[in-house]
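Below is one structure, written out as structure tokens, with a few remarks after it.
The values are calculated or read from the model by the stated rules, or taken from the named source; none is laboratory data. Keep in mind that this is a model prediction, so the values were computed, not measured. Quick reminder, even Gly has a Cβ in these numbers, built from the backbone with ideal geometry, and neighbours come from all protein chains shown. Heavy atoms of the whole protein, side chains included, go into the accessibility calculation; ligands, DNA and RNA do not. Shrake-Rupley method; radii C 1.70, N 1.55, O 1.52, S 1.80 Å.
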Amino acid sequence: MKSVTFIITFVISLSLFSQKTLDSEVPEIVQKNFNKKYPRAENVSWDKVDNNYKVDCFYKDLSTYAEFTPEGEWVQTISEVDYGELFPPIERYLDENFPKDKIIIAEKATLATRQDYYYVQLERKQKGKKEPLVFELFFDKTGQIEQVKAPEGFEDLTVVGIDDHNSETPVAVIDSWQKRFPRAEGIEWTSVVNPSDTIDYNYIASFYYRESATMAEFLPDGKWIETRVAYDVRDLYAPVLKYLAENHTNDKFVMAEKVTRKDRKDYYYVNVERFEKGQDRPYKFELFFNKSGQIQKVIRPEELKSQYLLTVDIPKNVGKKFNSRFASAKDVKWGTKEGNWEAQFIYRERPTTAEFSDSAQWIMTVVELDVKNIYAPVQRTLDNEYPDYRVMYAEKATRKDRKDYYYMELISKKKKTSNQKLGLYFDKTGRLKDQ
């Protein structure tokens, strides 16, 4: 395990041994490289510890500490991390293993040696005692737990991910991983239960590859299943960025991944948060896009489902158009169809489907009809020409181009008929259309 400097102790030592330095005493090359790396930093304060120059500042509204050599070479940066923006593997680890403890400090250390890590300090209240217990946790840059500094009396604490690590990864899996990801760094292996009856576990590698946090999953025989690569929001596929700009402008970006799969069902995953007045915690949204960048699925908080059902999954102008046309719609579910937006819902007690373009132009509406209450001209044709069939399903389509129609699905009343099922189209006047 890599040795990790405890940030709190380190910062305290700085206050004891650092020597306050005026800006004029900082070498020009140091200040030049600092300004280049942190343009528009605020509240800049320099110190000199040993031979290096260390600066405290606010950068992008976050408390930041950076270190440079006298020659201007950057050594490391320690940045404050917003609790709501913790690296997802770390957030999951804390939720699973320290669910009742309060986060006091969260920081990310980025080093020139690329031995990056995260630091989290937790506070645990004790009954009958004023002073809380303090736990210090260190994670590597892939979010894997590396070290825990427990308070007195908890030295024998079993640490999940350290004391129970998995050391039985099959050789075939390791070989397959090495061939697919040469020169990867910081590998950690975990196993997950395989849902089949013939395989016990799949194996997941978490590592850093080409400077990106990456996870890859394999079968026990080494066959690759999928790879998940962390993405910066600026690097996302243009159609995904466009959707986020139109539908989540004021929401905070948390994380994004590109998932590449063996079955070629690749997709993008994006996690955003919405902060609203009166809420202690942000609302979390999980967005899934296909490899073409089209939205496929949104997982939103249960309490917001009715509020955002018509506007979260789709462009705002499409949602507004839908609301104005189908104000009392219930149980709305959105999907895509040939590049358009399609809504399935209940309207005036009837199952209904409506289709809109990206520019919010209504295209068509299809309403499922009561088979016992069919448009009279259509019913007469059915009675006269198809007396041996009964109607199983009926719908009416109303179209923007005015090419409205009725569609009927019939089933034969006689078992030995060659055409057991028929699909018939009628124009809006009820006349049978050519098939």
Positions within the stretch 279-288 being surrounded by 12 or more Cβ atoms within 10 Å (Cβ to Cβ), of a type in the set (K, R) and farther than 23 Å from G335 by Cα, in sequence order:
none
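From the list G84, G153, G143, G72, which residue is without any contact (Cβ under 8 Å) to a residue 24 or more places away in the chain and among the small types (G, A, S)?
Going through G84, G153, G143, G72 in turn, just one is without any contact (Cβ under 8 Å) to a residue 24 or more places away in the chain and among the small types (G, A, S): G153.
Being at pLDDT 90 or above, over 30 Å from Y83 (Cβ atoms), more than 18 Å from the chain's Cα centre (by Cα) and open to solvent by 50 Å² or more (accessible area, probe 1.4 Å) narrows it down to one residue among K337, K265, K321, K330; which is it?
Values: K337 fails: at pLDDT 90 or above; K265 fails: more than 18 Å from the chain's Cα centre (by Cα); K330 fails: at pLDDT 90 or above.
That would be K321, the only listed residue that is at pLDDT 90 or above, over 30 Å from Y83 (Cβ atoms), more than 18 Å from the chain's Cα centre (by Cα) and open to solvent by 50 Å² or more (accessible area, probe 1.4 Å).
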Selection status of T365, among the polar types (S, T, N, Q), within 23 Å of Q344 (Cβ to Cβ) and touching a Phe, Trp or Tyr at 6+ places or on another chain (Cβ under 9 Å):
yes
Of all residues in the stretch 345-394, how many are open to solvent by less than 30 Å² (accessible area, probe 1.4 Å) and among the acidic types (D, E)?
1
Residue that is surrounded by fewer than 16 Cβ atoms within 10 Å (Cβ to Cβ), at pLDDT below 85 and touching a helix residue (DSSP H, G or I) at 6+ places or on another chain (Cβ under 9 Å), where the choices are E303, E246, E276
E246
Is it fair to say V134 is of a type outside the set (K, R) and at pLDDT 85 or above?
yes
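If you check A230, A256, which single one turns out to be closer than 19 Å to K284 by Cβ, in contact with a Ser or Thr (Cβ under 7 Å, 6 or more places away or on another chain), of a type in the set (G, A, S) and open to solvent by less than 50 Å² (accessible area, probe 1.4 Å)? Even if it seems obvious, please write down each step before you answer.
On the way: A256 fails: in contact with a Ser or Thr (Cβ under 7 Å, 6 or more places away or on another chain).
The match here is A230.
Any chance the stretch 91-108 includes a residue that's in contact with a Ser or Thr (Cβ under 7 Å, 6 or more places away or on another chain) and touching a residue at least 24 places away in the same chain (Cβ under 8 Å)? Give the steps one after another, and end with the answer.
Just the residues of the stretch 91-108 that are in contact with a Ser or Thr (Cβ under 7 Å, 6 or more places away or on another chain), to begin with: 107-108.
Checking the rest, the ones that are also touching a residue at least 24 places away in the same chain (Cβ under 8 Å) come to 107-108.
Yes: the stretch 91-108 contains one or more residues that are in contact with a Ser or Thr (Cβ under 7 Å, 6 or more places away or on another chain) and touching a residue at least 24 places away in the same chain (Cβ under 8 Å).
Among the residues of the stretch 159-180, how many are at pLDDT below 75, surrounded by fewer than 15 Cβ atoms within 10 Å (Cβ to Cβ) and of a type in the set (A, V, I, L, M)? Talk me through it step by step, then tell me what you get.
At the first step, the residues of the stretch 159-180 found to be at pLDDT below 75 are 159-168.
Okay, now just the ones that are also surrounded by fewer than 15 Cβ atoms within 10 Å (Cβ to Cβ), so 160, 162-168.
Those still in the list that are of a type in the set (A, V, I, L, M) too: 160, 162.
Matching residues across the stretch 159-180 total 2.
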Can you tell me which of A238, A216 is modelled with pLDDT under 95 and either more than 19 Å from Q296 (Cβ to Cβ) or surrounded by fewer than 17 Cβ atoms within 10 Å (Cβ to Cβ) (or both)?
A238
Every residue from the stretch 198-222 that is in contact with a helix residue (DSSP H, G or I) (Cβ under 7 Å, 6 or more places away or on another chain) and more than 14 Å from T142 (Cβ to Cβ)
Y203, F218, P220, D221, G222
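So which residues in the stretch 369-390 are hydrophobic (A, V, I, L, M, F, W, C) and either under 19 Å from D434 (Cα atoms) or touching a Ser or Thr at 6+ places or on another chain (Cβ under 6 Å) (or both), if there are any at all? Spell out the reasoning first.
Residues of the stretch 369-390 hydrophobic (A, V, I, L, M, F, W, C): 369, 371, 374, 376, 378, 382.
Of everything in the stretch 369-390, those that are hydrophobic (A, V, I, L, M, F, W, C) and either under 19 Å from D434 (Cα atoms) or touching a Ser or Thr at 6+ places or on another chain (Cβ under 6 Å) (or both) turn out to be V378, L382.
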Conditions first: (1) modelled with pLDDT of 55 or more; (2) open to solvent by 80 Å² or more (accessible area, probe 1.4 Å); (3) not in a strand (DSSP E or B). N43 passes all but one, so which condition is the exception?
(3)
Take the stretch 106-115 and flag every residue that is within 24 Å of the chain's Cα centre (by Cα) and surrounded by fewer than 19 Cβ atoms within 10 Å (Cβ to Cβ).
T110
Taking the stretch 117-149 and the residues there that are charged (D, E, K, R) and assigned to a strand (DSSP E or B), the one that is farthest from Q76 (Cα to Cα) would be R124
From the residues in the stretch 143-158 that are in contact with a Phe, Trp or Tyr (Cβ under 6 Å, 6 or more places away or on another chain) and either under 21 Å from N202 (Cα atoms) or surrounded by fewer than 11 Cβ atoms within 10 Å (Cβ to Cβ) (or both), which one is modelled with the lowest pLDDT?
G143
